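J.: Questions regarding the structure given below will be posed in turn.
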Amino acid sequence: MVATSQHQFLYALNPLAKVAGFAPAMVLLIFVRDLATPAAFLVLACAVILVGARLTTRLLLLLLLALPVGMLAIGVGFSVWVDAALVDGSAPVVEVGGWTLYSGALAIGFATALRLGSIIALALVGGLTTSGPDLVRASVQQLRVPYRIGYTALAAFRFVPRFGHELAVIRAAHRVRGHHGGRGPFARLARGWGYVVPLLAGAIRHAERVALAMDSRAFGAHSTRTERHLVPFRTRDTVFVVLCLAASVVIFFVFFPWQLP
């Protein structure tokens, strides 16, 4: 697992604990229509990430810039598309000719934006601090997911960065040989087709090597398989799940208006 300090506790938790802790809240947030409940979960998720994850410039830009800007764009966009007949009883905010933006439309739009933003932030708690191999190992060891499915999916997932590396190598080879081409759309299309064939050939060769390596290790020959790296579910994982569920219950009972829209 990823080495971490005592102040970055999220990296030391079992990946399934980070999923189970906030999964019920993420499902229930789909049906929430108020502003306070998703806002409270958004604050909670950001606080957990800022306290328990390694603070980098990329992480801060994601939480403090990209996520708010995205929510603002979604809120404004959904507000504009709300049917005015549904909210014409609320106060008008903007009037342009025969079109009026009502405060009720803004409330609906930004409630949707907050709901989506809070779900994304809760997903980032585990997504930013969990590696793909650890998630697969935890699923196989704790959830009893067949290792044939887990490690096959992991092998397929690892094709993506390899494709990126091979594409960079192919582009570099084209530049070395002077295959710059023009700058028009047809030139770009021709360059793209020039990348496809070697990229597919490299993918086929890599798939064959992976298949041979898995066969040589008797992958799939037995119903179970020994694990070199264990991802145990410890007491601290249980405590984290209980605390997350308790916080979710408190937020729903304190902020959520218990009435149908």
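J.: Compute the angle between helix 159-176 and the longest alpha-carbon principal axis of the chain, please, reported from 0 to 90 degrees and rounded to the nearest 10.
T.: Between the helix axis and the principal axis of the chain, the angle is about 70 degrees.
J.: Can I ask one more? Which value, to two decimals, describes the C-alpha radius of gyration of the chain once divided by 2.2 N^0.38 Å?
T.: Ratio of Rg to 2.2 N^0.38 Å for the chain: 1.34.
J.: Work out the FRET efficiency for Ala173 and His222 from their Cβ-Cβ distance, taking R0 = 41 Å, and round it to the nearest 0.05.
T.: Rounded to the nearest 0.05, the efficiency is 0.45.
J.: Now a separate question. Where the centre of each part is set by its Cα atoms, how far does the stretch 16-49 sit from the stretch 67-84, in angstrom?
T.: Comparing the Cα centres of the stretch 16-49 and the stretch 67-84, I get a distance of 20 Å.
J.: Springs between alpha-carbon atoms under 10 Å, Gaussian network over the chain: tell me which of Gly202, Gly117, Gly77 tops the mean-square fluctuations.
T.: Its mean-square fluctuation being the largest, the pick is Gly202.
J.: Mind telling me which of Gly89, Gly98, Gly75 comes out most flexible in a GNM of the chain, alpha-carbon contacts under 10 Å?
T.: Gly98
J.: Sticking with this structure for a sec: Under 10 Å, Cα contacts only: if you run a Gaussian network model on the chain, which one of Ala47, Ala84, Ala172 comes out with the highest mean-square fluctuation?
T.: Ala172
J.: Sorting Thr152, Thr238, Thr226, Thr112 on the 10 Å Cβ count, fewest up front, what's the list? Write down the numbers at each step before the final one.
T.: Working: Thr152 16, Thr238 13, Thr226 6, Thr112 19.
Ascending Cβ contact count within 10 Å gives the list Thr226, Thr238, Thr152, Thr112.
J.: In units of 2.2 N^0.38 Å, what is the alpha-carbon radius of gyration of the stretch 1-148?
T.: So the Cα radius of gyration is 1.31 times the expected 2.2 N^0.38 Å.
J.: Under the definition of Cα pairs under 8 Å and six or more residues apart, what whole-number percent is the relative contact order of the stretch 63-162?
T.: Once normalised by length, the contact order is 23 percent.
J.: Now for a separate question. Starting from the 7 Å offset along Cα-to-Cβ, what nm value, one decimal, do you get for the label separation of Arg148 and Thr56?
T.: Between Arg148 and Thr56, the label points sit 3.7 nm apart.
Rule-based calculations on the coordinates, nothing more; no lab input. Values in this document were obtained by computation on a predicted structure and should not be read as measured data. Please note: Cβ atoms are built from the backbone with ideal geometry, for glycine as well, and neighbour counts cover all protein chains shown.
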